[in-house]
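A.B. asks: Pasting a structure below so you can have a look.
Read-outs: derived from the displayed coordinates by stated rules, not from any lab. Given the structure is predicted, the values throughout are model-derived calculations rather than measurements. Cβ atoms come from the backbone with ideal geometry, glycine included; neighbour counts cover every protein chain shown.
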Amino acid sequence: MTTKITQIASKAVHYRTQPIARRKDQSAVYYAAYITGEPLYDVRRDKTFWRKDGQGDVLLWEIVGPDGSQDWTLAELWNGAEGAAKKINERPGRQTVIALPHELCEGGHEAAQRVARGHCLWLRDQYGTASTWAFHAPSPQAYGESAKNWHIHIVETDRRMTANGAGRPVFGAKVRELTDAKQGKVEIERRRKDWEKRVNAELHRVGAATRVNLRRKSQGDGPDYIPGVHRGPKVNAMLRKHQAATRAAMIAGRALPLPAKRVASYLAYAAARKSANVAHRAIWQATGRVVSQITSASVQFSETTDPPTTEKNRAELGQSKGEATPIAPPSDVTQDVETAHNREARDWERFWEQEARKALSQRQRQK
């Protein structure tokens, strides 16, 4: 007897890919140095890049390219990518950040390695590009959900790659499919589907009950879920610093430190935003109920009835009932009914918005 595994959307649904743009002063050598932790010298910018300490450990990294690319070095590949991009506003590559479910990482790194290498091999076969992937562990100072922030970085070339007779990289034509306005969206969706398929296969292999679903956002804990407030890396760094100081003070028995002005401002903003999200959810729930009531009422109004029997639509002598010409209702009756329904819906929506604002202002005054 087989046990059915309930598949739910995992929190690891982050797959962000974007080009490396020179117009934003970005460099493919910088991204390669950051994700691998190796110091790299950028020939074009005459500058050396490296990964700073305290940003999480780089557990694995690898170059995936065409046949004969086993001896390529990071400096050779990514300085070559920068050199192949001749225009001042050209894009020498593309960088991708992908979250991994912690179920694939905490017991070992083999599953994450299979997923990352397989996806980069798929990118090579589909577009002919070369790429460097790196597997990163969460930051040592992370706590809570951030302590499960296992993720993969991928930097790939923007040109099709081959190897010459000596085994050195050769940069070919640009991959136009990913930069086209219409085709690019289709290709990005194909990339996401390939990653989703590979991750779910590994989750099934390890016997995890979770699955990733990149086609929609996670809905949290059900109908009572309230969306949170997005925190960027700078806000996370401030909160980690403040909470580390608070923990140190608690251990030492000292008075708890006051939060910095920027931390206090963010906490106040997050509380106000959460209250606004609660109010907006109440508005839309109430509006949905009103709209459903109006829809059911409009169905009753739209039921067709036979015209009344009058002198004008009664069959004349010698005429059958089908030959009689019924009186058509005035053409503006249906339009008036629809206008009234729309006006009523707007009035109800305005009413619930005012009620939500009153409740929100009253809650703020109580605080």
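A.B. asks: Could you check the spin-label model distance between Tyr269 and Tyr41? Points 7 Å from the Cα along Cα→Cβ, value in nm.
C.D. replies: Roughly 4.2 nm, to one decimal.
A.B. asks: Pop out the ³J(HN,Hα) list for the stretch 148-161 in order, Karplus 6.51 cos²θ - 1.76 cosθ + 1.60 with θ = phi - 60°, rounded to Hz; leave Gly and Pro as x.
C.D. replies: With coefficients 6.51, -1.76 and 1.60, one gets 10, 7, 7, 7, 10, 10, 10, 10, 10, 6, 9, 10, 6, 10 Hz.
A.B. asks: Can I ask one more? Given labels modelled 7 Å from the Cα in the Cβ direction, how far is it in nm from Asn277 to Glu353?
C.D. replies: Label-label distance for Asn277 and Glu353, simple model: 2.2 nm.
A.B. asks: Using the structure shown, list the pairs from Lys148/Lys197; Lys47/Lys234; Lys174/Lys234; Lys148/Lys174; Lys148/Lys241 with a Cα-Cα distance above 30 Å, or answer none. If you can, show how the numbers build up before the last one.
C.D. replies: Numbers: Lys148/Lys197 21 Å; Lys47/Lys234 25 Å; Lys174/Lys234 35 Å; Lys148/Lys174 37 Å; Lys148/Lys241 19 Å.
Listed pairs above 30 Å: Lys174/Lys234; Lys148/Lys174.
A.B. asks: Oh, and also: At 0.36 nm per residue, and after removing the present C-alpha to C-alpha distance, how many nm does the segment from Glu106 to Asp67 gain when stretched out fully? It would help to have the intermediate numbers written out before the result.
C.D. replies: Numbers: separation 39, 0.36 × 39 = 14.04 nm, distance 3.27 nm.
So the chain would gain 10.8 nm between Glu106 and Asp67.
A.B. asks: So for the stretch 8-211, what percent of the C-alpha to C-alpha distances run longer than 26 Å?
C.D. replies: Working: 6994 of 20706 pairs.
That fraction is 34 percent.
A.B. asks: How do Cys120, Cys105 line up, fewest other C-beta atoms within 10 Å first? Before the final figure, lay out each step's value.
C.D. replies: Details: Cys120 23, Cys105 20.
So the residues, fewest neighbours to most, are Cys105, Cys120.
A.B. asks: Sticking with this one: What GluC sites (Glu not before Pro) does the stretch 27-110 have in DSSP loop regions with at most 12 other beta carbons within 10 Å?
C.D. replies: Working: sites: Glu62, Glu76, Glu82, Glu90, Glu103, Glu106, Glu110; in loops: Glu90, Glu106.
Answer in residue order: Glu106.
A.B. asks: What residues from the stretch 158-196 fall in the zone where the backbone N is under 16 Å from a label point 7 Å along the Cα-to-C-beta line of Leu121?
C.D. replies: Residues passing the 16 Å test: 194-195.
A.B. asks: Residues with beta-carbon under 11 Å from that of Val43, excluding Val43: net charge, scoring Lys, Arg +1 and Asp, Glu -1?
C.D. replies: Working: positive: Arg44, Arg45, Lys47; negative: Asp42, Asp46, Glu76, Glu82.
With Lys, Arg at +1 and Asp, Glu at -1, the net is -1.
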